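The values are calculated or read from the model by the stated rules, or taken from the named source; none is laboratory data. Note that the structure is predicted; figures quoted are calculated from it, not measured. Please note: Cβ atoms are built from the backbone with ideal geometry, for glycine as well, and neighbour counts cover all protein chains shown. We work out accessible area using only protein heavy atoms, side chains counted, and drop any ligands, DNA or RNA first. Shrake-Rupley method; radii C 1.70, N 1.55, O 1.52, S 1.80 Å.
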Amino acid sequence: MTSKGGDVIFLLFLLFAMFKSTFGKNWVFKIYNDATSKGYPRDSLSNFTEFARNYGYKAEEHTVVTEDGYILSVFRIPKGKNCRGRIRQPPVLLMHGLLQSSDSWLDAGPSAGLAFLISDACYDLWVGNVRGTYYGRRNVRLNPDTDEQFWNFDTHDMGKLDLPAIIDYILNETGSSKLNYVGFSQGARIFFIMCSETSGYCDKIIISINLAPAARLKYTKSVPVLLMIPIFVPTEPLLGELEVYQKGGLIQKAASFFCKDIILAGTVCRAALALINSYDPGSILTQTIRVLFGHFPAGTSARNLAFYGQNVLSGKFQKYDYGPSKNEGVYGTVQPPLYNLNRINIPVVLIYGKNDVLVDSKDVQWLSTQLPNLIESYQVRRLTWTHVDNCYSQYTNVTIFPKIHEYLQKYSKDGSV
């Protein structure tokens, strides 16, 4: 399976490289007046606020600065277009997965994108971004293009620094003392890290709803993840700190170029998504595929991918492994410490799919035994539900949103209009 997956990825890369010379000025991140005439869906070239406005939703862009100077764009939909009631309190924070951005919550369109669905249910919705994405590629001191140190981060930093800064900003802006949290994959991972490594921030969340939570990855069978391990784990310490899979890079440009074509989107690009995780027949619309590759992959650091790879190899949810000697200097132990999930005393919900080969159900079941205040561990009833379905499926409104809404409603109250 791994060999065939590698052959397919290599073939796709060769096809991408053949067309490298065709890419140019059309990749500036804004809507071109003639975008649709060039074959690109308007939504694929839209940023978050533009995408929301395409469907009549009012969205705001806010700027958050972390303790170590990373500048993150965070978006807000204060009231969904189809909200007919009073806005519920507290605000809701929605966080994306690995190599994604806030745009992933819009890509499935207003009938299925969780940013649309949650805001339409009358929640004050905030949608975050982490360092290393195209919405988090700035720093008050470091230049991402010239300063290698900019890329010296992984999910530990996102959980310890990015997420607390975003939470503080939202609470300050809204006047709320707490918020509700929805995190997908990496978005769930950084919540667990934040609760383990910071003081008081976990208590600023009333309930945390975690979709396909990427904590321990012992049983992952995802072909790209398994291929990533021999590439990034041994080489990252040697090559230094690097940006990888960025928006505007060869892979993203090529994917967006090819996948704008309806036929390729429904065949080659659909197969590429299936390689990332697994296949759920009919779940992701061809139009969604045409749109999402305009925003994916969104970029991260090589160190972050190496960190994921280390966790797969160790089969543990533990901190970055620098090697025995440096570990003793950093941690005081030869082995990196485990993250302390026992510190998470707030209500937690886990939602997962049986057909998710990236975050395997056995790892979710293990996670459920580690959490002191687990409210529910819910398996999506659609047995073919995959990892990426959580963002891109046309069926989110009937598969996962009812469960999300159930708990958000239970831990919310009506506020002002």
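Summarise the accessible area of the chain (1.4 Å probe, protein heavy atoms) by the percent that is carbon and sulfur.
54 percent
Choose one of Ala59, Ile351, Ile87: the residue whose Cα lies farthest towards the positive end of the charge dipole of the chain (beta-carbon charges +1 Lys, Arg; -1 Asp, Glu; about the Cα centre).
Towards the positive end, the residue furthest out is Ile87.
Quick one: if you stick a label point 7 Å off each Cα along the C-beta vector at Leu238 and Tyr331, how many nm between them?
It works out to 2.4 nm between the two label points.
Which one of Ile284, Val330, Gly299 has its Cα pushed farthest toward the positive end of the charge dipole of the range 210-363, where Lys and Arg give +1 and Asp and Glu give -1 at the Cβ?
Ile284
Can you compute the label reach from Ser111? Point 7 Å from Cα along the Cβ direction, backbone N cut-off under 18 Å, restricted to the range 280-308.
281-292
With every protein chain present, what is the per residue accessible area of the chain (1.4 Å probe, Å²)?
40 Å²
For the range 44-123, what percent of Cα pairs sit more than 18 Å apart?
For the range 44-123, the fraction of Cα-Cα distances above 18 Å is 41 percent.
Explain nothing, just the number: relative contact order of the range 228-321, from Cα pairs under 8 Å at least 6 residues apart, as a whole percent.
Rounded, it is 45 percent for the range 228-321.
How would you classify the range 289-335 from its alpha-carbon gyration tensor, with a ≥ b ≥ c the square roots of the eigenvalues: rounded for a/c under 1.5, else prolate if a/b is greater than b/c, otherwise oblate?
prolate
Within the range 361-403, whose backbone N sits under 16 Å from a point 7 Å along Cα→Cβ of Tyr279?
Hits in the range 361-403 for Tyr279 at 16 Å: 384-389.
Stretch Thr286-Arg42 to full length: gain in nm at 0.36 nm per residue minus the Cα-Cα span?
Details: separation 244, 0.36 × 244 = 87.84 nm, distance 1.47 nm.
Extra length available between Thr286 and Arg42 comes to 86.4 nm.
Would you mind working out the magnitude of the charge dipole of the range 88-217 relative to its Cα centre, with +1 at each Lys and Arg C-beta and -1 at each Asp and Glu C-beta, to the nearest 20 Debye?
Working: 10 positive and 14 negative charges, 51 e Å.
Rounded to the nearest 20 debye, it is 240 debye.
So what is the relative contact order of the chain, in percent, for Cα pairs below 8 Å that sit 6 or more residues apart?
20 percent
Hey, can you list the DSSP H helices of the chain whose Cα span along the axis is 15 Å or longer and whose average Kyte-Doolittle score is at least 0.0?
What comes out of the filter, once short or polar helices are dropped, is 2-18, 163-174, 186-197, 302-314.
Rounded to two decimals, what is Rg over Rh for the range 362-401 when you use alpha-carbon atoms and the Kirkwood radius?
Rounded to two decimals, Rg over Rh is 1.03.
Stokes-Einstein at 10 °C, 1.306 mPa s, Kirkwood radius from Cα pairs: D for the range 151-222 in µm² s⁻¹? Present the calculation step by step, with values, prior to reporting the outcome.
Values: Rh = 12.8 Å.
Roughly 125 µm²/s, to the nearest whole number.
How high is the relative contact order of the range 46-99, in percent, counting Cα pairs under 8 Å that sit 6 or more residues apart?
26 percent
With charges set only on the Cβ (+1 for Lys and Arg, -1 for Asp and Glu), what does the dipole of the chain come to about its Cα centre, in debye to the nearest 20?
In debye, rounded to 20, the chain gives about 880.
Nearest 500 deg cm²/dmol is fine: what mean residue ellipticity at 222 nm does the chain get from its DSSP H runs of n ≥ 4 alone, each adding -39,500 (n - 2.57), divided by its residue count?
My calculation for the chain gives -10000 deg cm²/dmol from helical runs alone.
With a sphere of radius 11 Å drawn around the Cβ of Leu217, what net charge do the other residues whose Cβ falls strictly inside it have (Lys, Arg +1; Asp, Glu -1)?
Around Leu217, the charge tally is +4.
Taking square-rooted eigenvalues a ≥ b ≥ c of the alpha carbon gyration tensor, is the range 49-182 rounded, prolate or oblate, where a/c under 1.5 means rounded and, failing that, a/b exceeding b/c means prolate? Walk me through the numbers on the way to the answer.
Values: a/c = 2.34, a/b = 1.65, b/c = 1.42.
Prolate, because a/c is 1.5 or more and a/b exceeds b/c.
How large are Rg and Dmax for the range 334-380 when only the alpha carbon atoms are used, in Å?
Cα only, the range 334-380: 12.2, 40 Å (Rg, Dmax).
Please list the equivalent ellipsoid semi-axes of the range 276-359, computed as the square roots of five times the alpha-carbon gyration tensor eigenvalues, in descending order and whole angstrom.
34, 19, 12
Mind checking the full-extension length gain between Leu338 and Val65? Use 0.36 nm per residue of separation minus the Cα-Cα distance, one decimal, nm. Each step should come with its number before you reach the end.
Working: separation 273, 0.36 × 273 = 98.28 nm, distance 2.82 nm.
Length difference between fully extended and current span is 95.5 nm.
Rounded, prolate or oblate: which fits the chain, taking a ≥ b ≥ c as square roots of the Cα gyration tensor eigenvalues, rounded meaning a/c under 1.5, else prolate when a/b beats b/c? If you can, show how the numbers build up before the last one.
Numbers: a/c = 1.31, a/b = 1.03, b/c = 1.27.
Note, shape of the chain comes out rounded.
In the range 337-417, how does Rg compare with the Kirkwood Rh, expressed as the Rg/Rh ratio over alpha carbon atoms?
1.02
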